[in-house]
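The values are calculated or read from the model by the stated rules, or taken from the named source; none is laboratory data. The shown structure was predicted, so the numbers you read here are calculated from the model rather than taken from an experiment. FYI the Cβ positions are ideal-geometry reconstructions off the backbone, even for glycines, and counts take in every protein chain you see.
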Amino acid sequence: MIFILITGVVAGLALGALGCAWGAITVPLLLISGINPMVTKGAVLSSEVVVSCLGVASHARLRNVKRDLSLALGFGIIGALIGSYLSRGLSASSFKVIVGIYEVFAGVVLLTARPRDVINVENNSGLKWAFLVGLLAGFVKGFLGTGWGPIGVTLLVILGALPKTVVGSSLVARIAISGSAATYYITNGYSSGISTVLLIIGGLIGVLLGSYSTRFMKEKDMRTVMGVLVLALGIALIIKTIGG
């Protein structure tokens, strides 16, 4: 229980500061602790909805939320529902390996991403790309229970959107997308009340600290730390799964 609580704090800190890594941290750690993969996704997605609400409130006060970007990303709900449905046929071991490979990829992206001048949120230009990013990240989120941040947030930053605006605005869309995917898992019996509550408690503490850390922390430094952490988690999960 303490392990899950601490997991929530660490993941919440990353979510509040970078708008990513909630699933990238919680999913592999819950899998490593032995929780069923489908139940893991249900708990992670359900808790993420509650934690993200606090993140939105904190970033709104800091004026980091842009309505048009949030609406464009909101179409990720479609991708999330499709991904949730298609994930049913995976075996537990296959799922763990896929998550591990994805985590390694996400860690590398976080460490090496360089921005391009494609999306300008202030001028509402390039938002069609945000729509496509939302669909892709939503699908991966529904399929793996993780991926919205390292794929969605990272791609938006790479395409030129300001990091703080991306973090705040993506949290709004994350609530709807994670909520739709969580509903699928819960209604199909994949849920764990204790794990969900512990993740929420830890996550609320972490996201509050993370949101306000954007005032003084250098995003590049924080992204480097999270990139190393996500990469390490992916490698650990692959080794544990393959090694039996």
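Structural remarks
- For segment 157-181, the tally of residues that are in contact with a Leu (Cβ under 7 Å, 6 or more places away or on another chain) and over 20 Å from GLY16 (Cα atoms) stands at 2.
- Some residue of segment 125-140 being under 17 Å from the mean Cα position of the chain (by Cα), β-branched (Val, Ile, Thr) and under 22 Å from LEU233 (Cβ atoms): yes
- Restricted to segment 204-242, and to residues there that are of a type in the set (Gly, Ala, Ser) and buried (at least 19 other Cβ atoms within 10 Å of the Cβ), the residue that is farthest from SER93 (Cα to Cα) is SER211.
- Residue satisfying condition, being touching a Gly at 6+ places or on another chain (Cβ under 6 Å), β-branched (Val, Ile, Thr) and not in a helix (DSSP H, G or I), within set VAL27, VAL65, VAL51, VAL44: VAL65
- Pair list, Cβ under 9 Å, 6 or more apart: segment 69-96 residue within 25 Å of LEU159 (Cα to Cα), other residue not in a helix (DSSP H, G or I): LEU69/ILE119; LEU69/ASN124; LEU69/ALA161; GLY83/GLY147
- Residue that is surrounded by the fewest Cβ atoms within 10 Å (Cβ to Cβ) [pool: residues in segment 114-157 that are hydrophobic (A, V, I, L, M, F, W, C) and modelled with pLDDT under 80]: VAL121
- Each residue in segment 25-59 was checked for being buried (at least 24 other Cβ atoms within 10 Å of the Cβ) and either among the acidic types (Asp, Glu) or within 19 Å of LEU208 (Cα to Cα) (or both), and 11 pass.
- Within segment 86-126, the set of residues being of a type outside the set (A, V, I, L, M), assigned to a helix (DSSP H, G or I) and in contact with a helix residue (DSSP H, G or I) (Cβ under 7 Å, 6 or more places away or on another chain) comprises SER87, SER93, PHE95, LYS96, GLY100, TYR102, GLU103, GLY107.
- Reported count of residues in segment 167-202, each being under 25 Å from ALA130 (Cβ atoms) and in contact (Cβ under 8 Å) with a residue 60 or more places away in the chain, is 17.
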